[in-house]
1. Projected area of the stretch 45-153, taken from the Cα convex hull and averaged over every viewing direction, in nm²?
2. Quick one: net charge around G123, please, counting Lys, Arg +1 and Asp, Glu -1 for every other residue with C-beta under 11 Å from its C-beta.
3. Rolling a 1.4 Å sphere over the protein heavy atoms, what is the accessible area per residue of the chain, to the nearest Å²?
4. Can you tell me the orientation of helix 104-116 relative to the chain, as the angle in degrees between its alpha-carbon axis and the longest Cα principal axis, to the nearest 10?
5. Summing Lys, Arg as +1 and Asp, Glu as -1, what charge do residues with Cβ under 11 Å from the Cβ of W58 carry, W58 excluded?
6. How are the C-alpha pair distances of the chain spread across 10 Å bins, as whole percents from the shortest bin up?
7. Treating only the Cβ atoms of Lys and Arg (+1) and Asp and Glu (-1) as charged, compute the dipole magnitude of the stretch 36-101 about its Cα centre; round to the nearest 20 debye.
8. Once you charge only the Cβ atoms, +1 for Lys and Arg and -1 for Asp and Glu, what is the size of the charge dipole of the stretch 91-224 about its Cα centre, to the nearest 20 debye?
Amino acid sequence: MLQLDHLVLAEPGFRLEADVTLPKGARCAVLGPSGAGKSTLLNAIAGFVVPQAGRILWQGQDITDLPPGQRPVTILFQDQNLFPHLTVERNLALGLSPEGRMDGAARARIADALARTGLEGLGARRPGQLSGGQQGRAALARALLRARPLLLLDEPFAALGPALKAEMLALVREVAEETGATVVMVTHDPQDARRFADVTMLVAEGRVEAPVATEALFANPPPALAAYLGAG
């Protein structure tokens, strides 16, 4: 269970409050207008933004003050965050250990992750030799190897075409169902939320609203969501 306990994120000209609970294993979309604080929220959960007040708890443990590397979290960004000077295989090895060790067991797990994400035979290439879609797959493969129970997606597939994006979201969903991971996905696309998420949280007007069943939310959107959807 992920709990944001009276969390306050603030900087000059910006304030976001959250007091919500997300069940373990949930697939949650985060929707809201640009600048509302969606990415800031994910960065706080991951440990890259320090809250002004409140706590972040995972399975009842307070992780608010833990450094990012010690949190049960993997975050995927839109720019994929692959190291351009390393091969894809070496990039994935960093998902298994900070040193990127490449023993036989690691190579076998990496080969399996590459095959699962449609990158079989491409481990020796560098990110610059891959297409945008292949880079997204490589970043997802590294996240799968990290096998953390909380996966945060900050629009990592936004630059992909509709068919490939749908395929990547289906893969994330499949892996989440297999592992029981909790997934929190920022998106600007309502169709992504409807396709992927059991529940959706609206971020608007300085607040993170409690998660609501996705189809129910779209069937009866609150004013802030209706305004956002109308603007889109």
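1. Answer in nm², one decimal: 7.5.
2. +2
3. For the chain, the solvent-accessible area averages 46 Å² per residue.
4. For helix 104-116, the angle is close to 60 degrees.
5. Taking every Cβ under 11 Å from that of W58, the sum is +3.
6. The distribution over the chain is 8, 33, 35, 20, 5, 0, given as percents.
7. Roughly 80 debye, rounded to the nearest 20.
8. It comes to approximately 560 debye.
The values are calculated or read from the model by the stated rules, or taken from the named source; none is laboratory data. Note that this is a predicted model, so its numbers are computed, not measured. Virtual Cβ from ideal backbone geometry, glycine too; neighbours counted across all protein chains shown. Only protein heavy atoms, including side chains, enter the accessible area calculation; ligands, DNA and RNA are left aside. Shrake-Rupley method; radii C 1.70, N 1.55, O 1.52, S 1.80 Å.
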